[in-house]
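Reading through the structure tokens given below for one structure.
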Amino acid sequence: MDIFWDIQVGPLSMLAIQGVLLPIVFYELFSKFRYLPRYWRMSAKIYIVSLSLGLFWSLVVEPIGGLQTLILNVNIFLAFLIIPVLVNSKKELNQVLIAIMVAGIFPILISLYQFQTGVVFQERQTVGLSRYVGFYHDAFPVRFYGLMTLIALLTYNYTNKLRNIFLKVALVMLTIGALFSIYLVFSKAGVLILGLWIFSLLVFSDSKLKQFFSLFFALAVIFFIVGDAFSANIEQLFSKEVGYQSGEVKDARYTLAGRGYIWQDFWHYWASEQTIFFQWFGDGINRPTHNEYLRVLMANGIIGVLFLVVFIFRKIRKTFKIHKNIRVFAIMLIGMYLIDSIGLVPGVYYYYNILVWGIFGILLMKPQLFLKQSKI
């Protein structure tokens, strides 16, 4: 569905239509909410309040935009229900992980096709590097699907004893493809998240060598294929950040793809032009702030940001309540969210929330699905 991002049907995009259909398909799950653990219900409520405080106002002054936000937030509420409620056995967990891996094949193949043929479907660049984003609107979907494919691979590899040599080879090839796809979109956030994930696997993983070797081998293959261009492109990707540290770039706003200028403009608007009421409660309008905290501040006010911060701290605290053998996967997910929330706006992608908080929730509530009986 993501490749139809620019197709409109009336006032709604194809993605918005999908957002309308999901709550209809899963409407029965809403009645299951009261059976979830109290701490999980509370987290869902806090998060939805943080994202919805200014919604009433936007429905009045900008009905179409407000309606789309309402649909988005209903789907995000489903993030706390779909996977945690529907996945109740190891077989169902494996089905979800396999589905995520299969879903990653298409964007990976498109990235490899572009790299091999030189065909560019969407003209996107960063610091002089051409991004292979395929049919998607920008680099974010490609690298997100690549990252979720990786975490599904790592989780599946951990929770299952793989004896079939062909399956092992297939998973290794998919790992290489996912990493290569992420590399080809030249995303600073993608590189930082991968670095954090590798560090987390080395420090927290119950199978440090097994998990680390999978990623290290895949990265080595990519380096072998691309050669010196690999390190040169990564160096160019962070050229402005390195230049600022060395003093060559004087203005910090040039770093992070110029996001400093965007943040400054929106902050000035919020501080100087918004009324006190909107500063506290927000106007419900989502803006391209490229920062989740700033987006929530403008849409849902100071109170919305406070709720968001409480939600994040609750999630970090709950991370260390997860069984120590599988805690690393929760650390990887919350780490990805924290990095994304600085330069992106994860609160406007409902599928991001469904996968991230859905998997986080099942790690927290049903650890037995990930562990061998002897480890419980």
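The values are calculated or read from the model by the stated rules, or taken from the named source; none is laboratory data. Computed from a predicted structure; not experimentally measured. Don't worry about glycine lacking a Cβ; one is built from the backbone with ideal geometry, like all the others, and counts go over all protein chains shown.
So here's what we get for this one:
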read-out: Residue within the stretch 72-85 that is more than 26 Å from F135 (Cα to Cα) and surrounded by fewer than 14 Cβ atoms within 10 Å (Cβ to Cβ) present; value: no
read-out: The stretch 1-42 - residue that is part of a helix (DSSP H, G or I) and among the small types (G, A, S) and, of those, modelled with the lowest pLDDT; value: A16
read-out: Count - residues of the stretch 115-140 that are farther than 14 Å from A257 by Cβ and among the hydrophobic types (A, V, I, L, M, F, W, C); value: 6
read-out: Which listed residue, of V242, V249, V172, V221, is of a type in the set (A, V, I, L, M) and not in a helix (DSSP H, G or I); value: V249
read-out: Residue that is modelled with the highest pLDDT, among those in the stretch 109-152 that are assigned to a loop (DSSP other than H, G, I, E, B) and of a type in the set (A, V, I, L, M); value: V133
read-out: Test set (1) assigned to a helix (DSSP H, G or I); (2) touching a residue at least 40 places away in the same chain (Cβ under 8 Å) - K91 fails condition number; value: (2)
read-out: Where G347 falls short, out of the listed (1) buried (at least 19 other Cβ atoms within 10 Å of the Cβ); (2) over 16 Å from the mean Cα position of the chain (by Cα); (3) at pLDDT below 95; value: (2)
read-out: Long-range neighbours under 7 Å by Cβ, at least six apart or interchain, first residue on the phi < 0 side of the Ramachandran plot within the stretch 57-68, second modelled with pLDDT of 85 or more and of a type in the set (D, E, K, R); value: W57/D283; S58/D283
read-out: First in the stretch 154-172 and more than 21 Å from S89 (Cβ to Cβ), second anywhere and at pLDDT 90 or above and crowded, with 16+ Cβ neighbours inside 10 Å, Cβ under 6 Å, 6 or more apart; value: L171/L153
read-out: Residues within the stretch 111-129 that are out of contact with any Phe, Trp or Tyr (no Cβ under 7 Å at 6 or more places or on another chain) and closer than 13 Å to S187 by Cβ, tallied; value: 3
read-out: Which listed residue, of F230, F224, F186, F204, is surrounded by fewer than 16 Cβ atoms within 10 Å (Cβ to Cβ) and within 25 Å of the chain's Cα centre (by Cα); value: F230
read-out: Any hit, the stretch 200-214, residues being among the basic types (K, R) and either in contact with a strand residue (DSSP E or B) (Cβ under 9 Å, 6 or more places away or on another chain) or more than 19 Å from A139 (Cα to Cα) (or both); value: yes
read-out: Filter result (free of Cβ contacts under 8 Å to residues at least 40 places away in the same chain, assigned to a loop (DSSP other than H, G, I, E, B) and more than 15 Å from V345 (Cα to Cα)) within the stretch 259-311; value: E273, Q274, T275
